[in-house]
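Scroll down for the structure; my scribbles are underneath it.
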Amino acid sequence: MSPPPEIILTQELSLQRSDSSLGTSARDDAGLLKEVQSDATLRTTSLRKAADVLKVQPSKGELSESETLTSQRPGDDAPIIVDWDGDQDPGNPRNWSKTMKWAAALTVSLYTFISPISSSMVAPAAEQIAQDFHITSTVEIALTISVFLLGYTVGPLFLGPLSEVYGRTIILHTSNIFFLAWNLGCGFAQTQGQLIAFRFISGIGGSAPLSVGGAVLADLWAPEERGQAIAIYSLAPLLGPAIGPVAGAWIAERSTWRWVFWSTSIISGIIQVLGFLFLRETFAPKLLLKRAKALRASMSIEKGGVRPIRTVHETGQKENWKDLMKRAVFRPFQLFFQEPMIQLLGIYLAFVYGVVYLVLTVMPAIFADVYHEEVGIAGLHYISLGVGLTIASQANAYYLDKVYIYLKKRNDGIGEPEFRLPCVMPGTLLLPIGLLMVGWGSQEHVFWLVPDIGFALIGAGIILVFQGMQTYVIDAFTAYAASALAAVSCFRSLAGFGFPLFAQAMFNALGYGKGSVILAAFAVGVGCPSIWVFWKYGKRIRAMSKHAEKTT
């Protein structure tokens, strides 16, 4: 172990003296020693100031391996490596207090909640919009609603990787402000073209939390601890679209469709203020880079040689901005085209997410046309979807970590991402059962409670699949969580955009019963085999991956 800075400097003096001359006089020695002691005091003071800046107390007696000082000579070119000061470093987000962690997690979840609300809240006001802009095509009306999700396909591919370069908070804050501004503009749109364009652009801004939010949770919690946080975070993008139409129906009935956009912008502004107050940077490379800069600045005023300083995450090779951005932005595409795991997960989650927006699209038609309910009353049935989402989510929040820890103990204390999959399996069955209940219940005009129970089962199945798969992706690609989630998010958002465009036409042609059979068959045919493949061969697939986490 290394001695304190004063002793290090004295040792360095001894080395210099032995190299220069062994016959130096006692008087020269005394003068030189006095000089060095003075220099040591200066260096120690500087280092203590640096430690204060870095919020790390100077070591007493010995320096840990993670400290940025070594006992090498000042002339050496070996770089100083900046890393966390042991496992208990308070600067590491995983060592933050529970209050700080949950403040960040809930803020990110609010970001993830408000944007999807905007995606569906306008659905009950579609008729008003069609009248104002003289839209007659059902496809164009659906496009006005779902084009927001087309922005979801574009945004994460760039915003996710950028968060791995510039940090999480700046991307989340900037993107939410961007979403807020263009969503506000939707309320002032004067033509159909303006509304579609503004919706698309606001969707790009609102997409950031879908990929960056999950990465924030990976920064904050170890695998066996993050299940509950991810359960809440994963509920937000699904509960938002379920709640949005309920509020949108009452706003549209009592005011104008423009207030649908203005009200969500007001709420988004409040959430943005909370974000500025409670969301701190969590990305470890960014935090360590800040430490390295502070240390570099403190060493520049010292006497003697200054060594190179870099973080443990940096390679030491100079990389220009263009190459850095190219590597970061192309990473989601690499994951998508090179990782079979991402491809299969993307297909299944795309179907699940598509079903969410398909249900949101056809639900008003079912209760207005089949059960002849008014718009405001028909909108209340969205609550059944929200009930299924919420109950299943809260149950899964408890079991997601419990099952993981149990299987980890049985595996000699080694955790595997595949240990998340048992919690997904019930969802693969609840989803098709719910689809069949809704389809045939509506087809046969049975009591309205039957389709509502079906919608609740659909919500439960969707959230179980969504939470388990989302956690699986984060565990399997922790180092590149934002990019991996971006690749999956792009795929699923395409489905969320496309499904509403053909949903009503399919049910008009086949009926609700046969249409639901097709969807249920696809859910079983893709979902069950996917889970089995990952459970059986997931570890082997990860071992062949360039980006996935490896376990031994």
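State the volume of the convex hull built on the alpha-carbon positions of the stretch 372-413, expressed per residue in Å³ and rounded to an integer.
56
If amide H atoms are built 1.01 Å from N in the plane of the peptide, which residues on other chains or at least 5 residues away come under 5 Å of the amide H of V82?
Correct list: R310, T311, V312.
So what are the ³J(HN,Hα) numbers for the stretch 483-499, from phi and the Karplus equation (6.51, -1.76, 1.60; θ = phi - 60°), rounded to whole Hz, Gly and Pro as x?
Values per residue, Gly and Pro as x: 5, 5, 5, 5, 4, 5, 4, 4, 4, 6, 5, 4, 5, x, 6, x, 4 Hz.
Pop out the ³J(HN,Hα) list for the stretch 457-466 in order, Karplus 6.51 cos²θ - 1.76 cosθ + 1.60 with θ = phi - 60°, rounded to Hz; leave Gly and Pro as x.
5, 4, x, 5, x, 5, 5, 5, 5, 5
Over 22 Å between Cα atoms: which of K409/K536; K98/K293; K408/K539 fall into that group? Write down the numbers at each step before the final one.
Numbers: K409/K536 19 Å; K98/K293 28 Å; K408/K539 14 Å.
Pairs exceeding 22 Å: K98/K293.
Rounded to the nearest 0.05, what FRET efficiency do E127 and I270 have when you use their Cβ-Cβ distance and R0 = 35 Å?
Approximately 0.75, to the nearest 0.05.
Ordered by residue, what ³J(HN,Hα) values in Hz, to whole numbers, does the stretch 199-213 give under the Karplus form 6.51 cos²θ - 1.76 cosθ + 1.60, where θ = phi - 60° and Gly and Pro are x?
3J(HN,Hα) across the stretch 199-213, in whole Hz: 5, 4, 5, 5, x, 4, x, x, 7, 4, x, 5, 10, 6, x.
Beyond 15 Å, what percent of the Cα pairs of the stretch 143-195 remain? Write out the running numbers ahead of the final one.
Details: 779 of 1378 pairs.
The calculated P(r) of the stretch 143-195 puts 57 percent of pairs beyond 15 Å.
Does the stretch 329-475 come out rounded, prolate or oblate, given a ≥ b ≥ c as the square roots of the eigenvalues of its C-alpha gyration tensor, rounded meaning a/c under 1.5 and, failing that, prolate meaning a/b above b/c?
prolate
Values in this text are rule-based calculations from the coordinates and carry no lab data. Only a predicted model underlies this, so the values are computations on that prediction, with no experimental measurement involved. Here Cβ is always computed from backbone atoms with ideal geometry, including for glycine, and neighbour counts include all displayed protein chains.
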